[in-house]
Amino acid sequence: MTGEIKVIEKRQLDNPLQEFQDILEEAIHVLGYPDQVFDFLKAPMRFLEVSIPIQMDNGETRMFQGYRAQHNDAAGPTKGGIRFHPDVTPEEVKALAGWMSLKCGITDLPYGGAKGGIVCDPRQMSSSELERLSRGYVRAVSQIVGPTKDIPAPDMYTNSQIMAWMLDEYDHIREFDSPGFITGKPLRLGGSKGREKATSKGVLYTLQMICDLKGIPVEGMRVIIQGFGNVGSHLALYLHELGAKVVGIADELGGLYNPDGLDIPYLLENRDSFGVVSNLYKDSLSNQELLEKECDALIPAAISGVVNNENAKRLKCEILIEAANGPTTKEAIKILDDKGIVLVPDILANSGGVIVSYFEWCQNNQGYYWTEELVDERLKEKITASFLNVYHTSKKYSVNMKVAAYIEGIRKIAEASQLRGWVRFLEN
């Protein structure tokens, strides 16, 4: 099939929904909002669980469990990806929908947050089985999604081809062409130039912003990227081209480290079909060993919970950029604060994907498509403004950037909800 599905990684955050709720509650208290705001935002407004019967290639019928969470749609239709993974849980999907709501608030997008997932292992499925599963999911959730209701997108182990199948199924159900139903599509079906690399570009721009504030030149800085999939590999190449030393990278099987800098073009050229390269080397490290190596910037870009209270005290970096969702636990964040390590939170750093998905939706609605240069220019403009808002909020309230990002997201959701008359808990 078009577009590789990478190696399945096991995520390590025990309770992502609790992590979301704990920092949400802290940020609400900093804002001085009443407890009713927490009760209103701690869980999705809508959650759908579906069973999807799929005929496998051997003739057997298997039932797959799927989910769709819609956190809050006060600011506009909900927006969020669909992931295929054997470890997908309702709690994870609900947390991701909440994070997406905050992300849309931070970046001032006219969306609320959503997320979807299917419990499956795409490594063990053929292209035709994945197509049937993709179409079955759309049939199961079709009543609550759509270009003015809830707009899906790619996420972990889904890609543009899967989005194309989902679009086609939705068009058959609705009996009209609706490219704005889903984003992350192939260009031939209304996708946006720059979408595939948007998350990496957004991470890069936030790194450049924090480096400017700290007076650290990107050229020559030592960077470790934990994760070498779509986000991590593109980011590694961008940094390499800017003259940074990417001293460490990790894939699912292990990590590579060279204090003089790795040959990123060579590693990209020699990855296997699952994006793995560490197996070519006898002296590879574990992912945990790599995280604790000395560097200027550490960028977890793979799985959740990799920086925790057990290893945070041993990190040797000045900056940590959360390119993955939830890679740093709340206990670890406190340790990083004490160590003076600046953390750029996931709901800001990895927002490039949803920003360019919004651009794709706008292009679909207009029927007019932009150049990649224009997409990149507008992405940089929006994520830079969002970064500055979060940074200034962190200074205003004397909180770290994680809490500040939640504050920015919460404020916009709460204001939209009150303007609609749904709630009455903010002062005029």
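Once you treat every alpha carbon in the range 168-231 as an equal point and sum by Debye, what is log10 I(q)/I(0) at q = 0.12, 0.14, 0.20, 0.23 Å⁻¹?
Values returned for q = 0.12, 0.14, 0.20, 0.23 Å⁻¹ are -0.52, -0.62, -0.87, -1.00.
One quarter of the convex hull surface, Cα atoms only: what value does that give for the range 154-284 in nm²?
On the way: hull surface 38.0 nm².
For the Cα atoms of the range 154-284, the hull's average projected area reads 9.5 nm².
Give the calculated FRET efficiency between His172 and Leu419 to the nearest 0.05, with a Förster radius of 35 Å applied to their Cβ-Cβ distance.
Rounded to the nearest 0.05, the efficiency is 0.40.
Quick one: of the DSSP bridges fully inside the chain, what percent are antiparallel, nearest 5? Let's see the in-between values first.
Working: 20 of 47 bridges.
Percent antiparallel among DSSP bridges in the chain is about 45.
Any idea how far the Cα center of the range 16-33 sits from the one of the range 145-209, in Å?
If you average the Cα positions of each part, the centres end up 30 Å apart.
Any idea what diffusion coefficient the range 269-358 gets from Stokes-Einstein, in µm²/s, Kirkwood Rh on alpha carbon pairs, 25 °C, 0.890 mPa s?
The diffusion coefficient I find is 172 µm²/s.
Which pairs, out of Lys214/Lys382; Lys42/Lys214; Lys282/Lys334; Lys79/Lys214, put more than 26 Å between their alpha-carbon atoms?
As for pairs spanning more than 26 Å Cα to Cα, those are Lys42/Lys214; Lys282/Lys334; Lys79/Lys214.
Quick one: Karplus J couplings for the range 360-377, per residue in order, coefficients 6.51, -1.76, 1.60, θ = phi - 60°, nearest Hz, x for Gly and Pro?
4, 4, 4, 4, 4, 5, 7, x, 10, 10, 8, 6, 5, 5, 5, 4, 5, 4
For all pairs of alpha-carbon atoms in the range 298-417, what percent lies in each bin of width 5 Å, listed from the first bin to the last filled one?
Percent of pairs per bin, in order: 2, 10, 18, 20, 18, 14, 9, 5, 3, 1, 0.
Could you give me the ³J(HN,Hα) list for the range 56-66, computed from phi with Karplus coefficients 6.51, -1.76, 1.60 and θ = phi - 60°, whole Hz, x at Gly and Pro?
7, 5, 7, x, 6, 9, 10, 9, 10, 8, x
Rounded to whole Hz and in sequence order, give me ³J(HN,Hα) for the range 91-108 from the Karplus expression 6.51 cos²θ - 1.76 cosθ + 1.60, θ = phi - 60°, writing x for Gly and Pro.
Result, ordered by residue: 5, 5, 4, 5, 5, 5, 5, x, 4, 5, 4, 5, 4, 5, x, 4, 8, 6 Hz.
Can you tally the net charge around Ile355? Count Lys and Arg as +1, Asp and Glu as -1, for every other residue whose Cβ sits under 13 Å from the Cβ of Ile355.
Value of the local net charge: +3.
Considering only protein heavy atoms, what per residue accessible area in square angstrom results for the chain with a 1.4 angstrom probe?
Spelled out: the 1.4 Å probe surface of the chain, per residue, equals 41 Å².
Would you report the distance distribution of C-alpha pairs in the range 15-97 as whole percents per 10 angstrom bin, up to the bin with the largest distance?
15, 38, 27, 12, 5, 2
Expressed as a whole percentage, what fraction of the accessible surface of the chain belongs to carbon and sulfur atoms when a 1.4 Å probe is rolled over the protein heavy atoms?
46 percent
Would you please state the base-10 log of I(q)/I(0) at q = 0.13 1/Å for the chain, with intensities from the Debye formula using one equal scatterer on every alpha carbon?
-1.15
Compute the Rg to Rh ratio over the range 106-195 from the alpha carbon atoms, using the Kirkwood formula for Rh, and round to two decimal places.
When Rh is taken as the Kirkwood radius, the ratio is 0.95.
Go ahead and estimate [θ] at 222 nm for the chain from helices alone: -39,500 (n - 2.57) per DSSP H run with n ≥ 4, summed, over the residue count, rounded to 500.
Working: 14 runs with 184 residues, N = 428.
So the calculated ellipticity at 222 nm is -13500 deg cm²/dmol.
Hey, rough spin-label estimate for Arg123 and Asp22, points 7 angstrom out along Cα→Cβ, what's it come to in nanometres?
Here the modelled spin labels are 3.0 nm apart.
Excluding residues on the same chain fewer than 8 positions from Lys193, give the lysines whose Cα lies under 16 Å from its Cα.
Partners within reach: Lys185, Lys201, Lys380.
For every other residue with a beta carbon closer than 15 angstrom to the beta carbon of Ala414, add +1 if it is Lys or Arg and -1 if Asp or Glu, then tell me the sum.
Values: positive: Lys42, Arg411, Lys412, Arg420, Arg424; negative: Glu25, Asp35, Asp39, Asp73, Asp108, Glu408, Glu415, Glu427.
Net local charge, Ala414 excluded: -3.
The values are calculated or read from the model by the stated rules, or taken from the named source; none is laboratory data. All values derive from a computational prediction rather than experimental measurement. Note: ideal-geometry Cβ built from the backbone for every residue, glycine included; neighbour counts use all protein chains shown. Side chains are part of the model used for accessible areas, which takes the heavy atoms of the whole protein and leaves out ligands, DNA and RNA. Shrake-Rupley method; radii C 1.70, N 1.55, O 1.52, S 1.80 Å.
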